[in-house]
Amino acid sequence: MQLNLLDQDRLDGKLGKAMQFAMETIVTAAHIDQAEALIDISFAHIDACFYNGRAHLDFVNYMLEYGATLAVPSWTNSGLVALNDLSIRDPLTSREMDEARQLMQAYVKLGCNPVWTCAPYQLPGRPELGAHIVGSESNAVSFYNSVIGARTNKYGDYLDVCAAITGRVPFCKLHRDEGRAAEILYDVSKIPQSIRDNDLFYHLLGHAIGRKCGHRVPAIMGLSANCNEDDLKAISAAGSSSGSVPLFHAIGITPEAPTLESAFQNNPIQQTIKLNLDDLRQARNELGTNSDQVLAGIALGTPHFSYTEFERLINLLGRRCIAPGLVFYLTTSRHVLRQVEQQGWANVLEQAGVKIITDTCTYFSPAVNGLCGKIMTNSAKWAYYAPGMLPVEVLIGSLAECVESAVTGQVTLDPWEGL
Amino acid sequence: MSIDIEARVLIAGEASGTALVLDDTLSFWGGFNPGNGEIIDVHHPQYQQFVGGRILCIAESRGSAGTPGGIAETLRNGSGPLAFVLGERDVNIGIGTLVANRLYDLEIPVLEVSTAIMKQLHSGDRLEINRQGIISITNRS
């Protein structure tokens with residue numbers, strides 16, 4: 001690979017040791033992926049602020065010690081702990097809690113915008129269609145690529161930071177036009193409209209596609225024209241949990257897919273799969289079962305709850321309270337929480353028994369306090385990951401089903417056309 | 001009997017040791033304990049096995065952006081593998097290893113081989129890796 005003069009200077013250490021380390025990392029990634037060039041990025045979403053042992057801290061401290069700065073606006077993903085309430089993850093040792101906090105603060109010191117969210121696309125200041133960016137958290141990578149039409153590969157820890165420091169990434173895969181063409185078509189138009197209008201449908205659909213499509217870019221035909229960004233967030237999160245779907249196209253809805261031909265970039269459609277109720281039923285079964293065990297709690301907000309999801313929750317809950325003895329956790333970003341506070345909704349929810357958490361999430365270990373037993377969630381991502389990491393049994397339901405179950409204290413499911 | 005194969009060098013280094021071949025991909029965040037090198041994904045065929053001190057042969061990592069951190073942390077605390085032999089060009093394992101090599105002055109190599117070669121590797125084989133990417137394989141039998 002030919003480097004330009006500035007990149008060569010960076011690699012040779014003429015711009016300091018931090019820049020040299022960052023550039024060596026970018027060049028190594030390009031070598032591994034056999035990219036022939038590097039390109040500029042305009043934004044980065046940083047995952048390396050999520051504590052996973054001492055090495056994370058050593059890395060960012062090295063960068064700080066040798067004077068690293070950021071070349072592009074960089075926003076932080078959720079962290080392991082909530083900075084404003086370290087006590088919500090009790091099982092952490094005080095050393096781990098302290099290092100997790102230090103790590104998050106180190107990224108603020110490095111110059112990141114501390115938004116602490118896995119749904120940065122809900123905040124003002126989105127990248128534009130076609131912008132080259134760095135996404136790291138899997139649902140955000142998929143949402144940025146699919147729904148916004150920005151271009152990012154899935155960047156893991158360290159590479160995200162090195163890209164933000166250098167402002168450069170290897171020009172390969174989803175950064176290139178040809179890497180973005182749809183390769184398989186999923187047709188959902190035979191599924192009854194009433195089901196396609198239910199928010200749970202999008203979680204089940206994302207899960208089913210993630211299971212089936214492998215490394216191919218999927219296109220989806222037959223989604224309602226009125227499906228919203230919360231629905232598309234659900235597909236993004238579910239598809240990148242059960243599988244690896246960093247980009248999907250929804251025909252007539254997402255920006256690179258006004259038509260089938262544009263989604264497939266005029267290539268012939270090699271394979272079409274018609275999804276039916278059985279596929280949704282199977283997805284629902286894979287994401288938990290309704291056993292006899294007593295309901296212990298509700299977990300919402302994976303990925304972080306949006307303003308419009310709060311609005312729906314407030315309407316569904318009305319003036320009712322969560323049943324005594326249940327835990328009800330809801331995770332969101334500080335930005336959305338401020339909006340919700342301005343409406344007076346946060347207060348209503350807290351008084352009804354909903355515990356709102358920012359900066360982090362609830363689906364991974366160590367468990368947020370009190371989260372054990374049978375938990376209901378509206379999130380396919382939560383349902384996919386939590387049972388492997390937490391002492392929970394999980395059941396997935398629509399937002400309305402979660403709310404009714406929370407209020408009555410027992411699992412309450414809608415009669416949902418055979419699902 | 002010993003045979004030599006040529007692998008693509010993702011991260012150069014020397015290593016020799018015993019192979020541990022994983023029968024499935026693995027997420028090094030969530031499916032792996034970087035504190036002690038144990039595979040903790042309950043669905044994984046090599047569940048509860050330890051990667052420490054072995055040459056880890058794996059098709060590729062899976063899932064989360066957290067994999068490089070899991071790799072760097074297990075290498076930092078000495079519970080990690082001596083080398084990686086991959087079946088795919090895996091940036092996450094490569095970058096996690098590169099960062100650990102730089103921060104902790106290690107020389108853990110990462111190599112890529114074809115799927116056909118990968119199938120010839122078995123847990124217990126003795127492997128020797130040089131900086132040019134030549135892997136000498138001595139079968140355990």
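Each value in this text was obtained by applying a stated rule to the coordinates, not by laboratory testing. From a predicted model like this one, the values you see are computed outputs, not experimental measurements. Heads up, the Cβs are rebuilt from the backbone with ideal geometry, glycines too, and the neighbour counts pull from every protein chain shown.
As a length-normalised measure over Cα pairs under 8 Å and 6 or more apart, the relative contact order of the stretch A:91-169 settles at 22 percent. Annotation: amide H of residue B:125 within the under-5 Å range of B:19, B:140, sequence separation 5 or more or interchain, hydrogens built in the peptide plane. What is the angle, in °, between the Cα long axis of helix B:67-76 and the longest principal axis of the Cα atoms in chain B? Nearest 10 is fine, range 0 to 90. Result, in degrees: 80.
Taking the Cα atoms of the stretch A:87-183, the ratio Rg/Rh between the radius of gyration and the Kirkwood radius comes to 1.04.
For the stretch A:254-319, the set of chymotrypsin sites (Phe, Trp or Tyr not before Pro) satisfying both a DSSP loop assignment and a count of at most 16 other C-beta atoms within 10 Å is empty. Inter-chain Cβ neighbour count for A:19-32, averaged per residue, equals 4 (cutoff 10 Å, partner chain atoms only). Partner shielding of B:100-112 amounts to 2, given as the average count of beta-carbon atoms from other chains within 10 Å of each residue beta-carbon.
Which residue, A:241, A:94, A:136, tops the fluctuation ranking in a GNM of chain A built on C-alpha contacts under 10 Å? Highest fluctuation of the listed residues: A:94.
In the structure shown, do any of A:212/A:355; A:173/A:274; A:173/A:381; A:154/B:119 have a Cα-Cα gap over 31 Å, and if so which? Over 31 Å Cα-Cα: A:212/A:355. Quick note on the stretch A:5-178: its Rg to Rh ratio, both from C-alpha atoms and Rh being the Kirkwood radius, is 0.98.
For residue A:304, nonlocal amide neighbours, meaning residues 5 or more places apart or on other chains whose placed amide H falls under 5 Å from its own, are A:118, A:119. Relative to the first principal axis of the alpha-carbon coordinates of chain B, what is the inclination of helix B:91-104, with its axis defined by its Cα atoms, in degrees from 0 to 90 and to the nearest 10? In chain B, helix B:91-104 runs at an angle near 80 degrees to the longest axis. The Cα trace of chain A gives Rg and Dmax of 21.6, 67 Å, the first to one decimal, the second as a whole number.
This ranking places A:190, A:154 by how few other beta-carbon atoms lie within 10 Å of each, fewest first, which gives A:190, A:154. For residue A:151, the residues 5 or more places off, or on other chains, whose built amide H falls under 5 Å of its own are A:130, A:131, A:132, A:133.
Phi angles across the stretch B:3-15 convert, under the Karplus curve 6.51 cos²θ - 1.76 cosθ + 1.60 with θ = phi - 60°, into 3J(HN,Hα) values of 10, 10, 10, 9, 10, 7, 7, 8, 9, 7, x, 10, 7 Hz, Gly and Pro given as x. Within the same chain, aspartates and glutamates fewer than 8 places from residue A:109 are excluded, and of the rest, those with a Cα less than 18 Å from its Cα are A:47, A:58, A:65, A:98, A:99, A:157, A:160, A:359. Sequence-ordered 3J(HN,Hα) estimates for the stretch A:233-250 from the Karplus curve with 6.51, -1.76 and 1.60 and θ = phi - 60° stand at 4, 4, 4, 4, 6, 5, x, 9, 9, 6, x, 10, 10, x, 8, 9, 10, 10 Hz, glycine and proline given as x. In order along the stretch A:304-321, the Karplus-derived 3J(HN,Hα) couplings, from 6.51 cos²θ - 1.76 cosθ + 1.60 at θ = phi - 60°, round to 2, 4, 8, 4, 5, 5, 4, 4, 5, 4, 4, 5, 5, 6, x, 9, 7, 10 Hz, and Gly and Pro are given as x.
Fraction of C-alpha pairs exceeding 23 angstrom in chain B: 23 percent, rounded to a whole number.
Inter-part distance, the stretch A:267-320 to the stretch A:329-367, computed on C-alpha centroids, equals 19 Å. The alpha carbon centroids of the stretch A:1-77 and the stretch B:1-77 are separated by 24 Å.
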